[in-house]
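Here is the structure we will look at.
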Amino acid sequence: MKKLLLCFSLLFTVFALEAQQTYWEEYSTGFVNTSTTFRQASYVDANTIWACGGAGDGSGDQYQLWARSLDGGLTWTNGSINLGNTNIAIGSIFGMTATKAYIAGFPNAAGVTGGIWVTEDAGVTWTRQNTASFNTGTDSFTNWVHFFDANNGVCMGDPASGYFEIYTTTNAGVNWTRVPSANMPAPLSGEYGYTFGFEAFENTIWCNTNKGRLLKSTNQGLTWTVSQTPSADFGTGDSYSFRNANEGVLILNADWTQHRTLDGGATWTAETPEGLNRNFDISFVPGCDNVVINTGEDVLDGFRGSSYSTDGGLTWVSINDTDVEAVDGGGVLEFFDGTHGLASGFTATSVSGGVWIWINNACELLANETFSNDKAFTASPNPTSGLVTIAGKGISNVVITDVLGKQVANTNFTSVESATIDMSSFNTGVYLVKVTNANGNASTIKVVRQ
């Protein structure tokens, strides 16, 4: 069985930091199974959310579970997705209304056929939409489904009969039509897609493969192009998000390397952001100009949590440093707007845990006093061949570590506005420069030694 896109064997490490404001709060999804997590969440509107659940303990168990909230994630109802065969696993979910949702089901055993199912009675019954057949022998494998409006949708599967199995509909899935091979790039040898592995903005949609490529359609799935990304295989956990049809950011899971596209994914440029970015999921926040949220392990200490950026990912601020809970918002992200968003967590019991709800205003993060006054540090030149100047307010300590966590410098200052560090003796590579001010607030800057 091929790898799924997301690995949910995540260990949450709790550490205490002084709280200054609250960004996330944890709520219960009501899932009975311990360590159940969201595989994906889908907003219908600010209050109505559909989600599908799966194992988050590394067991690989595939649960046929749906969850739904009608109050923005504060309370949830949930139930089983009865597809008539327990060997069909859930590849994605899309919420259309409070009572109607679609799922992509993939075969989790030999001799099983996946496809697209819909519920119109709030999850009580699920009906297969047979014209999205996904029955081309052992090649068919359904990855995901998405709708652009009430009628127009697209679903994607692995290559079957020599080309990607993609269907579109103009009547809410009553009829699905397979996109002909002439309308899409040929797959590479051994190439396939991933469950949950897509990103959409208006009529444009991207989906990723195990060869590090992005398939892209700008007309709701009717025709497709392809481009190579810096990722070697999106199954390793590399994540990306698009602000609009052209601007996007990609972060590689293994080494936190960040890349940017300005042409819709056709080309990517490596960049060195400042601050503490993370390596699990990334999401631009709709309606908040250039605000983006990031979850996962931080590049400095490996602590799980979340960060935010108000400049499209050029500068990252660790939410862990200021939030009430140091290890919150650490999983799959989904945002509806600046005040409605969530991140997956793990179910502790049937009445505790499972989802983190965003309770801040992402559109107002730029005005955050702590960030603008206490933690705004810059490093220049960056990259550097020797001297680097750290500028900020009340700098009292600078600690430099390499990407393996080895400390290579630790210098104290007396609340200065500028500090110069000599990195000429350092090996070439990426270094994490942690700057602490006189108030005890800290921020981390990534500096490249040429």
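Over 14 Å from Leu300 (Cα atoms) and at pLDDT below 85: which single residue out of Asn412, Asn427, Asn437, Asn397 fits that description?
Being over 14 Å from Leu300 (Cα atoms) and at pLDDT below 85 holds for just one of Asn412, Asn427, Asn437, Asn397, which is Asn437.
Between residues in segment 153-174 that are within 13 Å of Leu188 (Cα to Cα) and residues that are β-branched (Val, Ile, Thr) and not in a strand (DSSP E or B), which pairs lie under 7 Å by C-beta distance while being six or more apart or on different chains?
Ala160/Thr136
Filter segment 95-127 down to the residues that are in a loop (DSSP other than H, G, I, E, B) and under 17 Å from Asp158 (Cα atoms) and list them by number.
Within segment 95-127, Asn108, Ala109, Ala110, Gly111, Val112, Thr113, Gly114 qualify.
Being farther than 30 Å from Gly173 by Cα and basic (Lys, Arg), is that true of even one residue in segment 274-284?
yes
Name the pairs whose Cβ atoms lie under 6 Å apart, with the first residue in segment 176-190 and of a type in the set (A, V, I, L, M), the second in a strand (DSSP E or B), and 6 or more positions between them or separate chains?
Taking only residues 6 or more apart or on different chains, the pairs are Val179/Ile166; Met184/Phe164.
Go through Asn82, Asn130, Asn143 for me and flag whichever is part of a loop (DSSP other than H, G, I, E, B) and modelled with pLDDT of 95 or more.
Residue meeting the stated conditions: Asn130.
Within segment 90-130, track down each residue that is under 24 Å from Ser69 (Cα atoms) and among the polar types (S, T, N, Q).
Ser92, Thr97, Thr99, Thr119, Thr125, Thr127
Looking at Ala104, Ala98, Ala182, which one is aliphatic (A, V, I, L, M), on the phi < 0 side of the Ramachandran plot and surrounded by 20 or more Cβ atoms within 10 Å (Cβ to Cβ)?
After applying the criteria, what remains is Ala104.
Quick one: count up the residues across segment 33-78 that are farther than 14 Å from Ile90 by Cβ, modelled with pLDDT of 95 or more, among the polar types (S, T, N, Q) and surrounded by 16 or more Cβ atoms within 10 Å (Cβ to Cβ).
Summing the residues that are farther than 14 Å from Ile90 by Cβ, modelled with pLDDT of 95 or more, among the polar types (S, T, N, Q) and surrounded by 16 or more Cβ atoms within 10 Å (Cβ to Cβ) in segment 33-78 gives 2.
Go over the candidates Trp256, Trp316 one by one and state the one that is within 18 Å of Asp238 (Cβ to Cβ), assigned by TED's automatic domain parsing to the domain that holds Tyr43 and not in a strand (DSSP E or B).
None of the others qualify; the one that does is Trp256.
Give the residue, chosen from Asp263, Asp321, Asp311, that is in the same structural domain as Lys216 (by TED's automatic domain parsing) and in contact (Cβ under 8 Å) with a residue 40 or more places away in the chain.
Exactly one of Asp263, Asp321, Asp311 is in the same structural domain as Lys216 (by TED's automatic domain parsing) and in contact (Cβ under 8 Å) with a residue 40 or more places away in the chain, namely Asp321.
Looking at (1) in contact (Cβ under 8 Å) with a residue 60 or more places away in the chain; (2) outside any strand (DSSP E or B); (3) within 23 Å of Ser443 (Cβ to Cβ); (4) not hydroxyl-bearing (Ser, Thr, Tyr), find the lone condition where Val249 falls short.
With (1) in contact (Cβ under 8 Å) with a residue 60 or more places away in the chain; (2) outside any strand (DSSP E or B); (3) within 23 Å of Ser443 (Cβ to Cβ); (4) not hydroxyl-bearing (Ser, Thr, Tyr) applied to Val249, the lone miss is (2).
Sort out which residues of segment 242-256 are under 14 Å from Gly212 (Cβ atoms) and hydrophobic (A, V, I, L, M, F, W, C), and write them in order of number.
Result: Leu250, Ile251, Leu252, Ala254.
Would you point out which residue out of Thr218, Thr225 is in contact with a Pro (Cβ under 9 Å, 6 or more places away or on another chain), surrounded by fewer than 19 Cβ atoms within 10 Å (Cβ to Cβ) and within 30 Å of Thr170 (Cβ to Cβ)?
Of Thr218, Thr225, the one residue that is in contact with a Pro (Cβ under 9 Å, 6 or more places away or on another chain), surrounded by fewer than 19 Cβ atoms within 10 Å (Cβ to Cβ) and within 30 Å of Thr170 (Cβ to Cβ) is Thr225.
Is there a residue in segment 289-298 that is over 18 Å from Gly330 (Cα atoms), buried (at least 18 other Cβ atoms within 10 Å of the Cβ) and in the same structural domain as Pro159 (by TED's automatic domain parsing)?
Checked segment 289-298: no residue is over 18 Å from Gly330 (Cα atoms), buried (at least 18 other Cβ atoms within 10 Å of the Cβ) and in the same structural domain as Pro159 (by TED's automatic domain parsing).
Could you please let me know if Gly265 is assigned to a loop (DSSP other than H, G, I, E, B) and at pLDDT 95 or above?
For Gly265, the condition - assigned to a loop (DSSP other than H, G, I, E, B) and at pLDDT 95 or above - is met.
How about segment 265-282: which of its residues are more than 21 Å from Ile205 (Cα to Cα), of a type in the set (A, V, I, L, M) and within 18 Å of the chain's Cα centre (by Cα)?
Within segment 265-282, just Leu276 meets the criteria.
The values are calculated or read from the model by the stated rules, or taken from the named source; none is laboratory data. Predicted, not measured: the structure shown is a model, and the values here were computed from it. Quick reminder, even Gly has a Cβ in these numbers, built from the backbone with ideal geometry, and neighbours come from all protein chains shown.
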